[in-house]
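Some notes on the structure that comes next.
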Amino acid sequence: MEESWPKLRMLAPTEEHTNAFAEIISQVVKVGDCICFYGKVGAGKSTFSRAFIRSLADDEHLVVPSPTFMLQLVYEDHQGPPIHHFDLYRLRGPCDFANLDLRKSLRTAISLIEWAERLETEFPPEYLELRITSIRQGVKLPPAGATFTVPLEEQEGYAGIQTEDLDLVDEVEVYSDTCERAFDLIPHGPRWEALVARMTENMHLYFATTPTTGQDRTES
């Protein structure tokens, strides 16, 4: 996969901002959409995914465990679109990958894929690449097309969900630190190109100001 510069960077000073950003993204997705996550352990991939799933479920108390040991968790017992949540960190080889039936998920559900670098060449033709970085002291970021701080606004809910409790693994996964997070959005395919462009335009209108470019943060 070719390296690309982020078209949009959203800054999340707190976990609350991360949750708000996940809700924003959840409002533009549909069946067949895929979000591929990149970031170190504790960066906030599962935190974002949990808020995203709860937003689509319209249930802020929904139990959303990390799929680390299961590789995949499915949420489809609800009125909204099915959601397939993958964590490929412990993917052991072709057999594990085949058992996931990822191609079917990409056709019939909204797919969230953590540790997407494990996909190697199996990327869908259209997806959102979401790179999450903990901005610790001294960490530098690549340039981005536009940079905004996530607004803490009430987000509209989605269709209700009636799922049974998931007796799997502990859902608790918090940030490994309290640093600000950078969410870099890199769209792949015309649909995500258009969505990210629209989000950028809306952020310009929301802030009514020229965003920072982030060009003073060049990755070493």
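The values are calculated or read from the model by the stated rules, or taken from the named source; none is laboratory data. This structure is a prediction, so every number in the text was calculated from the model and none was measured. Counting neighbours? That spans all protein chains shown, and the Cβs are built from the backbone with ideal geometry, glycine included.
Here are a few things to note about the model shown:
- So Glu156, is it surrounded by fewer than 16 Cβ atoms within 10 Å (Cβ to Cβ), closer than 26 Å to Glu126 by Cβ and modelled with pLDDT of 65 or more: no
- Qualifying residue in segment 166-177 (condition: modelled with pLDDT of 85 or more and more than 16 Å from Arg50 (Cα to Cα)): no
- The selection criterion, being of a type outside the set (S, T, N, Q), in a helix (DSSP H, G or I) and either surrounded by 21 or more Cβ atoms within 10 Å (Cβ to Cβ) or in contact with a Gly (Cβ under 9 Å, 6 or more places away or on another chain) (or both), does not hold for Phe37.
- A residue that is more than 23 Å from Thr178 (Cβ to Cβ), at pLDDT 90 or above and part of a loop (DSSP other than H, G, I, E, B) occurs nowhere in segment 48-61.
- Some residue of segment 48-59 being surrounded by fewer than 21 Cβ atoms within 10 Å (Cβ to Cβ) and over 21 Å from Trp115 (Cα atoms): yes
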